[in-house]
Amino acid sequence: MKRLGRVLICLVMVSAMLLAGCSQSTGKTESQDSSKGEIPKVKLKFATEPYPDHTVPYIGIEQKFFEDVGIELETVDSIDADKVPSVLVAGTYDFASGAPSLFIPSMGQGEFTTFAFSNLFLGYSVMAPEGTKTYSDFVDEGMSGEDAIKAALGQMKGKIFTYPSESAIKPFIDLCFQKAGMTLDDVENEVIDDSNGVALMLSGRADFKVGGVPSAATLASNGFVPILSAKDIVESAEASIDSEEVRSILHNGWTTTKKWADENHDTVLRLASVCFRINQYVNDNPEDAAKIHVNYVNSLAGTEFSEEEVQGLYSTSIPLYTWEMQVPWFEDEGDPLYWEYEIGSTLKMYESEGLFKEEEYKPSDIVSADGVYKELKELKTQAEENLEKLSDVEGEAAELKEKAEYQYSIFNYLDAKNFSEQALEAAK
């Protein structure tokens, strides 16, 4: 009997230790269901790229949006775009802001998944000295869009063309030249980083440039003009993964590894809610958002944007799409921006280049934002149904209802559903 007693004591102690370990929630373990009126706390490490479209999350950090859903960002760093896949695989960071297309060449390195979309990047353009005729100029003269592209880029033949080696920019450059019936052999290439490329343009030692938003903005402020932009290209895009034009835009979002997403599903849902909240805030308060955003953009990217210029980016180069605005991306296959098309078209490009076997990867292997959106939508409906039943509650039930309503208002439909269920239980 004594031996049995000792065994039972050991079992109780082991169980207690296991329960204690489970209660210490981190980004490496799945969040538990919300306890009564509380959201489980997690600590995460977040990586962003040093560009306007990827520094938007700093607005949410400044506004404490992450904390409102139980997330503490213990580390937030800005790193080069090409390093993002490797740091996620290494576990140095839990999630990152990036474009899913950027991760496609690294799929052999690890399994990545973009679980929420933030903005649409329309910022790539071919910049040229003032006075160079643009795509719009040729269209205004009566040319078709196809002929206008050929005419605009035809001005580059034999001239010096500078661009960075970043993988995210390559599809846009390839598409432009393909649409124009040209190759990079038709120009004199100068492949260097953005800042040095800008210096070449300003000194007259380069004639044309493609780069990120900061470099384009710098050149524009010095009189250079975009002769062909992603907006121009996407005008003729078909709603299909066979459309090459859709490669000229990028769906930016928040990405992690599939393993991390599977182990932290509830945290992924809460992170997605923060992403939607940031987008809504920027659309509702662009001036206030720009005041926060501009400091991070300039300090991390080495730019000199004004608040007005950053605010202008929200309606031009990096429009942020709200919860409602993203409905066509997931539910309208007739929309060229439907989530599968850009990813699928980019996959086809890499297949044609021999990087992957045909159909080795599908868009769903790289993006899970559609499934996350669908699940949040279902949770939203459940929360609404619960809240309808809580019109006249008092006491603890009323307090839980208020918490549910707040989480609902910030797109955290997971805890809106959880708290509203708890309120119903308390009202019995």
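Of the residues 154, 123, which is under 22 Å from residue 102 (Cα atoms) and touching a residue at least 24 places away in the same chain (Cβ under 8 Å)?
123
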Hey, residue 398 without any contact (Cβ under 8 Å) to a residue 60 or more places away in the chain and crowded, with 17+ Cβ neighbours inside 10 Å or not: no
Restrict the check to segment 404-422 and report whether at least one residue is open to solvent by 10 Å² or more (accessible area, probe 1.4 Å), more than 26 Å from residue 279 (Cβ to Cβ), modelled with pLDDT of 95 or more and part of a helix (DSSP H, G or I). yes
Kindly indicate whether any position in segment 298-321 is closer than 18 Å to residue 48 by Cβ, in contact with a Phe, Trp or Tyr (Cβ under 8 Å, 6 or more places away or on another chain), modelled with pLDDT under 95 and not aliphatic (A, V, I, L, M). yes
Against the condition touching a strand residue (DSSP E or B) at 6+ places or on another chain (Cβ under 7 Å), open to solvent by 10 Å² or more (accessible area, probe 1.4 Å) and closer than 16 Å to residue 209 by Cβ, how does residue 159 come out, does it pass? yes
So, residue 425, is that one over 30 Å from residue 257 (Cβ atoms), out of contact with any strand residue (DSSP E or B) (no Cβ under 6 Å at 6 or more places or on another chain) and of a type outside the set (Phe, Trp, Tyr) or not? yes
Filter segment 298-343 for residues that are open to solvent by 70 Å² or more (accessible area, probe 1.4 Å) and closer than 30 Å to residue 198 by Cβ; the one that is nearest to the chain's Cα centre (by Cα) is 315
Residue within segment 162-171 that is at pLDDT below 95 and not in a loop (DSSP other than H, G, I, E, B) present: yes
Failed condition for residue 109, given (1) touching a Ser or Thr at 6+ places or on another chain (Cβ under 9 Å); (2) surrounded by 15 or more Cβ atoms within 10 Å (Cβ to Cβ), with all others met? (2)
Taking into account only those residues within segment 371-403 that are assigned to a helix (DSSP H, G or I) and β-branched (Val, Ile, Thr), which is nearest to residue 338 (Cα to Cα)? 372
Filtering segment 181-215 for residues that are in contact with a Lys or Arg (Cβ under 8 Å, 6 or more places away or on another chain) and either among the polar types (S, T, N, Q) or surrounded by 19 or more Cβ atoms within 10 Å (Cβ to Cβ) (or both) leaves a count of 7
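The values are calculated or read from the model by the stated rules, or taken from the named source; none is laboratory data. Remember, it's a predicted structure, so these values are computed and weren't measured experimentally. All Cβ positions, glycine included, derive from the backbone under ideal geometry; neighbour counts span all protein chains shown. Surface accessibility is based on the protein's heavy atoms, side chains included, excluding ligands, DNA and RNA. Shrake-Rupley method; radii C 1.70, N 1.55, O 1.52, S 1.80 Å.
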